[in-house]
1. Mind ranking 49-58, 141-150 by how tightly packed they are, going by the mean number of other C-beta atoms within 10 angstrom, highest first?
2. Compute, for the stretch 76-171, the length of the dipole vector about the Cα centre, with Cβ point charges of +1 (Lys, Arg) and -1 (Asp, Glu) only. Units Debye, rounded to 20.
3. Hey, got the dipole for the stretch 74-125? About the Cα centre, +1 on K and R Cβ, -1 on D and E Cβ, debye to the nearest 20?
4. I'd like the FRET efficiency for A155 and N98, computed as 1/(1 + (r/R0)^6) with the beta carbon distance as r and R0 of 35 Å, rounded to 0.05.
Amino acid sequence: MSCPVTTNSRLSRSSTDTGAGPGGLTRLQNQAIYAKDKDSPNRGFYMSKKLLAALALCTGLLLLFSIPVFAHHGGSSLYDMGKSTTVKATVTDFVWANPHCEISFDGVDEAGKPKHWTIEAHPPNIMVTHGWTRKSLKPGDAVSITFHPGQNGGAWGKMIKVNWPDGKELVQD
């Protein structure tokens, strides 16, 4: 004798409820695990630990790469920005390259002694906006150069402007 089978829609399970999904767990098993994790007192601990480690790594990398930038752009620690010096100069070299263009020249210092200076200017992409080209200066050019001298009388500086005998002037800023 067979028993009649009655189906109650509230009690029946669909195939997605009982069938194994990704990872070999059923949807009901996944829900049960998630429900336990949701109420766990350590629920956010592992995520915050990973987040903290990632933030520490990013901060460390930022500091690592920013220190050379600050060291390179010493500005007032390298140059006497409150003083400017003008020298009648003979250009010995003009370097058109990143991170800064450089002008090397011979001239006479304030004491009347011959001196060789190397001064820095902006990078080429900024010099172009002020009318400069890689051929603006050539070795042997006689010019007048105004610059902020190096601290403690050093033979370096930061360029302000260059004047040619014909009146042409190229400035940095």
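1. Output ranking for 49-58, 141-150: 141-150, 49-58.
2. I would put it at about 120 debye.
3. Result for the stretch 74-125 is approximately 120 debye, rounded to the nearest 20.
4. So, using R0 = 35 Å, E works out to roughly 0.95.
Bear in mind these aren't lab numbers, they're just calculated from the coordinates by the rules spelled out. Just so it is clear, the structure is predicted and the values come from calculations on it, not from any experiment. Because the Cβ atoms are built from the backbone with ideal geometry, glycine has one as well, and the counts that use them run over all protein chains shown.
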